[in-house]
Amino acid sequence: MKLGELVKALGGKLVLGSAAWVVGGVNSSADATVTELVFAEDEDAASKALGSKAGAVVLRRGLIDFYPQGKCIIEVAQPRLWFVRAARLLMPVLPVGGVFPS
């Protein structure tokens, strides 16, 4: 899914980076890869997220004054909630198939 599609579906503002960036999944700041999305709710977490390998970071508006180049940055009011909703869109829960007839 493209980052712009997530922003359109979930709201927020893409303040840095490309809407065409393809999101490969979500992860923690410590384990994220360049194709993954992370979130931060405070300054310490934002520092870790921005210093991680993650390609995109979801932050609360006004949390950080300056964003480094090379990352996609999405500003939202509730980063954790946005992140959870993004995870659900990226990895939907498969329906249970039921019990095998035998």
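Taking region 49-60 on its own, how many of its residues are touching a residue at least 40 places away in the same chain (Cβ under 8 Å) and out of contact with any Phe, Trp or Tyr (no Cβ under 8 Å at 6 or more places or on another chain)?
Taking region 49-60 as the starting set, the residues that turn out to be touching a residue at least 40 places away in the same chain (Cβ under 8 Å) are 56, 58.
Remaining after also requiring out of contact with any Phe, Trp or Tyr (no Cβ under 8 Å at 6 or more places or on another chain): none.
Qualifying residue count, region 49-60: 0.
Figure legend. Inter-residue proximity from region 1-28: first residues free of Cβ contacts under 8 Å to residues at least 60 places away in the same chain and within 11 Å of A56 (Cα to Cα), second residues open to solvent by less than 50 Å² (accessible area, probe 1.4 Å) and of a type in the set (F, W, Y), beta-carbon distance below 6 Å, spacing 6+ or different chains. Indicated pairs: L16/Y67.
Applying the criterion of being more than 10 Å from the chain's Cα centre (by Cα) and of a type in the set (D, E, K, R) to the residues of region 18-42, the residue that is most open to solvent (accessible area, probe 1.4 Å) is D31.
The values are calculated or read from the model by the stated rules, or taken from the named source; none is laboratory data. Since the structure is predicted, the reported quantities are computational estimates derived from the model, not experimental observations. When we count neighbours, we look across all protein chains shown, and the Cβ atoms used for this are built from the backbone with ideal geometry, even at glycine. We work out accessible area using only protein heavy atoms, side chains counted, and drop any ligands, DNA or RNA first. Shrake-Rupley method; radii C 1.70, N 1.55, O 1.52, S 1.80 Å.
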